[in-house]
Amino acid sequence: MKKLLLMSAVAAMISTGAMAQSTVVTTSGAGHAAAVQIEPEYRTKTRTYVSEHNIRPVEMRERIVVGSPVPREVELEAVPTEWGPSLTKYRYVYSGDRVMLVDPSTRTVIQEVD
């Protein structure tokens with residue numbers, strides 16, 4: 001019986017690792033939640049886009065982090081369609097070699113695209 005439980009636990013851990021290929025981030029605001037899913041291929045396209053288009057990073061004293069608002073003086077860039085259809089409603093900021101997705105209605109950083 002113990003062996004069966006141990007094998008079941010191992011199988012569950014292995015299947016969880018296999019499913020962790022894409023990232024889903026849930027954010028809440030204005031009384032509702034929104035899920036953002038970024039497939040690995042779109043993460044690669046994001047990194048490629050930033051390097052190929054020579055996007056200049058935004059210079060700031062404070063580090064931009066997930067969950068914090070982006071200051072009003074920072075211009076939010078439109079997300080290109082090649083980053084994936086689920087992301088086009090967001091904006092982004094490139095700062096400190098990091099691409100941050102921003103909810104344009106609240107200017108809150110919802111996810112770092114790594």
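The values are calculated or read from the model by the stated rules, or taken from the named source; none is laboratory data. As the structure is a computational prediction, the values presented were derived from the model and not from experiment. Every residue, glycine among them, receives a Cβ derived from its backbone with ideal geometry; neighbour counts consider all protein chains shown.
Looking only at region 77-102, residues that are without any contact (Cβ under 8 Å) to a residue 12 or more places away in the chain and among the hydroxyl-bearing types (Ser, Thr, Tyr) come to 2 in all. Please determine, by comparing only the residues of region 60-85 that are buried (at least 19 other Cβ atoms within 10 Å of the Cβ) and part of a loop (DSSP other than H, G, I, E, B), which one is farthest from the chain's Cα centre (by Cα). Only one residue tops the list, namely 70. Residues that are more than 17 Å from residue 102 (Cβ to Cβ) and touching a residue at least 40 places away in the same chain (Cβ under 8 Å) within region 44-76 comprise just one, 47. Report yes if residue 88 is more than 12 Å from residue 113 (Cβ to Cβ), surrounded by 10 or more Cβ atoms within 10 Å (Cβ to Cβ), under 14 Å from the mean Cα position of the chain (by Cα) and at pLDDT below 85, otherwise no. The answer is no for residue 88.
Which residues, counting only those in region 95-109, are surrounded by fewer than 19 Cβ atoms within 10 Å (Cβ to Cβ) and within 20 Å of residue 39 (Cβ to Cβ)? Within region 95-109, 98 is the sole residue that qualifies. Among residues of region 103-114 being without any contact (Cβ under 8 Å) to a residue 60 or more places away in the chain and not in a loop (DSSP other than H, G, I, E, B), the one that is nearest to residue 40 (Cα to Cα) is 112.
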